[in-house]
Amino acid sequence: MNMMHEIVKEWLEQEKIDLFIGYKVVDGHPLPCFFTRENIDDVDNLVESKARYPLEKIAAKVYSTHPEMKIGILARDCNQRALNVLYVWNQLDPEKIETVGINCCPSPAREHADCSYLEREPSGPLKTLIGIENNLKPEQAEVYSQEERFKRWSYEFEKCIKCYGCRNICPVCFCKECSLEHSDLIKKGELPVEIPIFHLVRAVHMAGRCIDCGLCEDACPANIPLRLLYREVNQITARLFDYRAGTDSGQSPFSILGENVTLEPMSL
Amino acid sequence: MTNSMKEFEDSGCIFVIGSNTTETHPIIAGRIMTAKEKGAKLIVADPRNIHLAEFADIVVHHRLGSDVALLNGMMHVIVKNGWHDDKHIEERTEGFSDLEEVLEDYTPKKVEAITGVGCVDIERMAEMYAGNHPAALLYAMGITQHTTGVDNVKSCCNLAMLCGNVGVRSGGVNPLRGQSNVQGACDMGGLPNVFPGYQPVADQTANEKFSNAWGKALPERAGLTLTDMVKGMGDGRIKALCVFGENPKLSDPDSGHLDHVLKKLDFLLVQDLYMTETAADADVFFAGASVAEEDGTYTNTERRCMRGNKAIDPLGKALPDWDIICRLSSAMGYAMDYSCPEEIFDEMTSLTPSYGGMTYERLGINGLQWPCPGKDHPGTPYLHKDNFSRGKGKFHAVKYLDPDEMPDEDYPFFLTTGRMFSHYHTGTMTRVSPHLHSEQKSGYIEVSPKDAGDMMLNDGENVRVLSRRGQIEVPVKITSRVGEGLLFSPFHFRENPINRLTNPAFDPIAKIPEFKVCAVKLEKIAE
């Protein structure tokens, strides 16, 4: 039993929390898992995990049906930032959440490729020529002319297979009705997805919300540089509103209509 | 597949024919894109302008069912220019001169007349495929679901062997299997003529081996294919039918006829996750367990056998499939007393040389690729490295034949059928998923802008489609994905059951029906 196990057991026993969300290795795969008072010995199987999942998104789901429940969460920096966004948008109550902080990239496990704090493999020559390299920084992507940027991004968007993996894994995607599934906004049932509207609708929704965890890009089977796209959007948010999602605890500049309003459109 | 998915990323050329890869095998499509970005050439041949075509160096839209002609045309050009791999042909193959003789006839000009693909494109395809070693050839149902399905596959193999692309990493002939475990089902003897591991029932040694293991004399004659079963039900030779995890009332060709013969049965048993159209007609329905509810193994398209572990116990009265089969068999007088899937797996590996070295423990997380004959064998990422199972690779001299039904004055349109990305087969699983269902809620038929204009059809308007076998109504989707004279419709939707129209004519060897080609007419529905 290590320190993390001791803390979680203590919290559960002393009823500081009713549920702990962490990871457990199941059949060789680290998976998100609930740990409870009723099954407290299972806490010994709690691991930090090399894989990352949006544990706070799971917590928000639990909160939506059991608002009284006190939840503990294993939290890296990105989980912590995502929690802050969920608090700001009233998807979670900070009074009900306790976190056990762990190292971002469990040292010295820098080899674990899932973590987006690491650089990806260099892009192939064709991607460099006509697409957008995943490793670029926003200012590097801005050197292209407007026209060329559009062409390059269109190439990337064209690869999308519309799996919705970026949305599904996103810790701060919580709208009840998703604009991406709104047939008045985006044409359905076809590949390639409608370019560029599909990806730009999502990008706009990431403004003031994206906490740069990179899970979307990790999940993307088409290797689209989503993280870079949302970083660009958030740089604009920072410039115009001096607001940094996940770090600033104040209201998002996009919540001006009231604290319960989300970014989903009214039905047309 | 002869080769493995990951290997495609290092191919010199990828030739995709008869596969709508981004929609039906999206993860493999991702590998193709990565290969392309790393410098591979991409050739796409498909009657429709599919998504993957956007990324190709060469795209051709050959006429439905003209695959043999197109492939022979490419080989003609390759041989004429001396781009073939003499050394490989000499050392590894036989029958080349027979092929050469047939190819003589398939000049680009002749092939252009059959396929509609221009001479220049045929020459460019040939040069690109032959000139960028190793080249991987990928195909799916667009090659197999024809009355010439076997010929089409043989032609793909001819092309690959001609250029020395078999038995090499990142090359090969790669049929993309459509279901998570369809490779496994075939490997397990889910075919009428073989035991597990493709050991023929007619082979005396194999037959004795299995008869001894199972304590029962086993038939030496092959059973019936699905196509033959339909015939058998029709003429009364088959009186009872068990259907496991299939919904033939939507997925079989000429489904009007199938409805008719199903009614003649004395007894129909269906085992499925949900009440399907077929299950609704059953005398007895068994609720099978879902992927999340049962343990076992899957063997995927790259011959990789992997474990699947249940996340929860079966809900309601559902049981794991293996358990249902064991109980059914025991009730019918042949006791099957297995305690768990692993016990069945161990029995299978003891009788199946290609799986002989596998155990649940060895499969681990990543699984093993067959052949894996021994306990220390690491598995086989690509086949035919040093020799073929029959010794030398055989070239088959294949001549082009027309599809069974071609458009004529009465039925002037070509119809082809297939899948779209958000649904799976007859929709039994995907149409009950709100997110997947919301992506595409009804069937549709793709019509070219020119044809839609000529008939004054509007997008979304219901149109009547008729073939010699039946008629349905279906909403029109106007799109340049299809050219003039060609229609496409997915078969996922019970409201627009396109298989009422398809042709049950089948390949003489594989008995696979010609889902990919039939002749239909369109009628505007009067307002």
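The values are calculated or read from the model by the stated rules, or taken from the named source; none is laboratory data. Since the structure is predicted, the reported quantities are computational estimates derived from the model, not experimental observations. Quick reminder, even Gly has a Cβ in these numbers, built from the backbone with ideal geometry, and neighbours come from all protein chains shown.
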**Asked** How many residues does the stretch B:425-462 hold that are farther than 19 Å from B:P47 by Cβ, out of contact with any Leu (no Cβ under 7 Å at 6 or more places or on another chain) and more than 14 Å from chain A (Cβ to nearest Cβ)?
**Response** 9
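Which residues, taken from the stretch A:127-165, are assigned to a helix (DSSP H, G or I) and either acidic (D, E) or more than 14 Å from chain B (Cβ to nearest Cβ) (or both)?
A:P138, A:E139, A:Q140, A:A141, A:Q146, A:E147, A:E148, A:R149, A:F150, A:W153, A:E156, A:E158 - these are the residues of the stretch A:127-165 that are assigned to a helix (DSSP H, G or I) and either acidic (D, E) or more than 14 Å from chain B (Cβ to nearest Cβ) (or both).
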**Selection status of B:Y382, within 14 Å of another protein chain (Cβ to nearest Cβ), surrounded by 19 or more Cβ atoms within 10 Å (Cβ to Cβ) and touching a residue at least 40 places away in the same chain (Cβ under 8 Å)** = no
**Complete:** Selection over the stretch B:296-315 where residues are out of contact with any strand residue (DSSP E or B) (no Cβ under 6 Å at 6 or more places or on another chain) and of a type outside the set (K, R) yields a count of 9
**Request:** Could you list all residues from the stretch A:83-106 that are in contact with a Leu (Cβ under 9 Å, 6 or more places away or on another chain) and assigned to a helix (DSSP H, G or I)?
**Result:** A:L83, A:L86, A:P94
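Name the residues in the stretch B:448-481 that are among the acidic types (D, E), under 26 Å from B:E54 (Cβ atoms) and in a helix (DSSP H, G or I), would you?
B:D451
Kindly state which strands (runs of 3 or more DSSP E) lie completely within the stretch B:233-321 and contain at least 2 residues that are surrounded by 14 or more Cβ atoms within 10 Å (Cβ to Cβ), over 24 Å from the mean Cα position of the chain (by Cα) and not assigned by TED's automatic domain parsing to the domain that holds B:F491. Steps first, please.
Values: elements: B:240-244, B:267-272, B:284-287, B:296-299, B:304-308.
Those strands (runs of 3 or more DSSP E) span B:267-272, B:284-287.
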**Prompt:** Going by the structure shown, is A:V43 within 29 Å of A:M206 (Cα to Cα) and of a type in the set (A, V, I, L, M, F, W, C)?
**Reply:** no
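Considering only the stretch B:482-507, state which residues are touching a residue at least 60 places away in the same chain (Cβ under 8 Å), surrounded by fewer than 19 Cβ atoms within 10 Å (Cβ to Cβ) and part of a loop (DSSP other than H, G, I, E, B).
B:G483, B:G485, B:R494
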**Asked** Within the stretch A:177-218, which residues are surrounded by fewer than 17 Cβ atoms within 10 Å (Cβ to Cβ), away from every other protein chain (no Cβ under 11 Å) and in a helix (DSSP H, G or I)?
**Response** A:I197, A:L200, A:V204
**Any hit, the stretch B:515-523, residues being in contact with a strand residue (DSSP E or B) (Cβ under 6 Å, 6 or more places away or on another chain) and surrounded by fewer than 20 Cβ atoms within 10 Å (Cβ to Cβ)** = yes
**Message:** Only one of B:K450, B:K477 is more than 25 Å from the chain's Cα centre (by Cα), modelled with pLDDT of 95 or more and buried (at least 19 other Cβ atoms within 10 Å of the Cβ). Can you tell me which?
**Reply:** B:K477
